[in-house]
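Here is the structure we will look at.
No lab work stands behind these numbers, since they all come straight from the coordinates. Since the structure is predicted, the reported quantities are computational estimates derived from the model, not experimental observations. Glycine gets a Cβ as well: all are built from the backbone with ideal geometry, and neighbour counts include every protein chain shown.
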Amino acid sequence: MPAPKIARTINAQRKQLGQWRRKGNSIALVPTMGALHAGHLSLVRLAHRKADRVAVSIFVNPGQFAPHEDFGRYPRTWKADLAMLTKEKTDLIFAPEVKEIYPAGFTTKITLDGPALGLETDFRPHFFGGVATIVAKLLIEAMPDVAIFGEKDYQQLLVIRRMARDLDLPIRILGAPIVREKDGLALSSRNIYLSPGDRKTATTLYRVLSESASAIAKGEKIEPILALGREKIQTAGFKLDYLEARNADTLEQAESAKDGPLRLLVAARIGGTRLIDNVAVKRI
Ligand code: PAF
């Protein structure tokens with residue numbers, strides 16, 4: 001199986017993608033921070049369906065971690081990532097060092113409004129500025145036809161979509177469905193931090209999301225359902241950041257199922273690990 005081409009610099013990536021473009025190939029980009037799992041691979045597979053050539057970036061972006069967060073210990077699994085991406089017939093991996101992306105003197109940062117307000121921003125105020133800045137750079141560096149992001153980071157997906165539209169980037173931003181373990185836990189590179197006990201408890205999040213979504217879809221009032229869901233999550237042993245129902249397109253507050261399409265979003269910590277998840281409220 002041919003190994004993917006590996007570009008460590010912006011120029012090397014531009015040169016290779018340029019060659020493919022001149023041959024008339026379309027390009028899909030899947031931005032990642034590595035520590036790949038089946039969720040990422042589903043993005044790569046979707047990318048193959050959308051374009052002739054698939055590039056995956058692997059870059060643990062210091063700009064989206066606060067000083068007290070897990071940048072230093074974030075899993076870096078280059079060999080396993082390379083093996084998986086080879087199997088998935090990835091054409092190119094862009095894996096720059098931090099100084100390639102943020103050379104001395106780098107000062108620019110994107111500021112955001114709209115879907116970036118609230119939810120994650122209430123608990124990680126630094127986060128979306130860091131994400132939008134790196135994603136804008138990755139998109140401008142590769143200029144793909146399409147870029148693919150997981151719906152697991154649902155607010156991130158909407159922030160990136162808005163940012164690409166606002167900056168007139170001629171790139172289609174696609175979301176891909178969440179991939180889950182058999183017991184419902186959403187795949188995440190951070191799940192490896194969970195102790196066996198916490199791993200079992202972690203299924204509470206998806207259970208509460210699913211139960212709440214079906215009750216709301218049946219027309220029950222949103223706030224009492226969320227209050228019950230919050231109680232269940234806390235009783236299971238989580239420290240809850242939020243459990244909210246929002247308009248799925250704008251992330252504005254939703255008072256009733258009529259404010260739909262709706263999305264339920266949750267973030268909670270257990271044993272030092274912060275998990276996020278979300279589900280759509282299906283119209284009945
Ligand atoms: O979702 C992620 O893995 C990251 O936030 C992203 C989009 C690759 C930006 O660093």
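Observations, loosely collected:
- On Cα atoms only, tilt of 203-217 relative to the major axis of the chain in degrees: 70 degrees
- Segment Lys15-Ala80, extension gain: residue separation times 0.36 nm, minus the distance between their alpha carbons: 20.8 nm
- By the rule of a C-alpha distance below 29 Å, with chain neighbours fewer than 8 residues away ignored, the lysines paired with Lys239 are Lys152, Lys182, Lys200, Lys218, Lys221, Lys282.
- Whole-number Å³ per residue for the convex hull built on Cα positions in region 97-205: 139 Å³
- Potential extension, Ser256-Arg49 segment - 0.36 nm per residue separation minus Cα distance: 70.8 nm
- Per-residue 3J(HN,Hα) values for region 98-103, derived from phi via the Karplus relation 6.51 cos²θ - 1.76 cosθ + 1.60 with θ = phi - 60°, read 4, 6, 6, 8, 10, x Hz in sequence order (x marks Gly and Pro).
- Cross-link partners of Lys258 among aspartates and glutamates (Cα-Cα below 15 Å; sequence separation of 8 or more within a chain): Glu220, Glu223, Asp249
- Of the trypsin sites (Lys or Arg not before Pro) in region 1-31, those whose Cβ has at most 11 other Cβ within 10 Å and which sit in DSSP loop: Lys23
- Net dipole in debye of the chain [+1 Lys, Arg Cβ; -1 Asp, Glu Cβ; about Cα centre; nearest 20]: 1040 debye
- Taking only the alpha carbons of region 41-97, we obtain Rg and Dmax values of 13.4, 41 Å in that order.
- Spin-label zone in region 260-284 - amide nitrogen under 12 Å from a point set 7 Å from the Cα of Ser195 along the C-beta vector: 270-273
- Ranked Ser195, Ser212, criterion: other C-beta atoms within 10 Å, fewest first: Ser195, Ser212
- Neighbour-limited loop hits for trypsin sites (Lys or Arg not before Pro), region 80-189 (at most 14 other Cβ within 10 Å; DSSP other than H, G, I, E, B): Lys89, Lys109, Lys182
- Percentage, to the nearest whole number, of Cα pairs in region 147-220 over 17 Å apart: 59 percent
- Over all directions, the projected convex hull of the C-alpha atoms in region 157-284 averages 8.7 nm² in area.
- Residues Val60, Val266, Val281, sorted so that the one with the fewest Cβ neighbours within 10 Å comes first: Val60, Val281, Val266
- Stretched out straight at 0.36 nm per residue, the stretch from Lys89 to Phe106 would grow longer than its current Cα-Cα span by 2.7 nm.
- Loop-located GluC sites (Glu not before Pro) in region 194-261 (DSSP state not H, G, I, E or B) with no more than 15 neighbouring Cβ atoms inside 10 Å: Glu220, Glu252, Glu255.
- Burial order of peptide ranges 233-240, 61-68, 128-135 (average beta-carbon count within 10 Å, highest first): 128-135, 233-240, 61-68
- Burial ordering of Phe94, Phe71, Phe59, fewest other beta-carbon atoms within 10 Å first: Phe71, Phe59, Phe94
- Modelled label reach - Phe123, point 7 Å along Cα→Cβ, region 259-273 residues with backbone N closer than 18 Å: 263-273
- Its Kirkwood hydrodynamic radius, worked out from the mean inverse distance over all distinct Cα pairs, puts region 30-173 at 15.8 Å.
- Per-residue 3J(HN,Hα) values for region 248-255, derived from phi via the Karplus relation 6.51 cos²θ - 1.76 cosθ + 1.60 with θ = phi - 60°, read 5, 9, 10, 6, 6, 4, 10, 8 Hz in sequence order (x marks Gly and Pro).
- Among Ala66, Gly130, Thr86 the positive-end extreme of the charge dipole of the chain (Cβ point charges): Thr86
- Ile6 long-range amide H proximity, modeled H, under 5 Å: Ile93
- In terms of overall dimensions, the C-alpha atoms belonging to the chain reach 57, 40, 39 Å along their principal axes, ordered largest to smallest.
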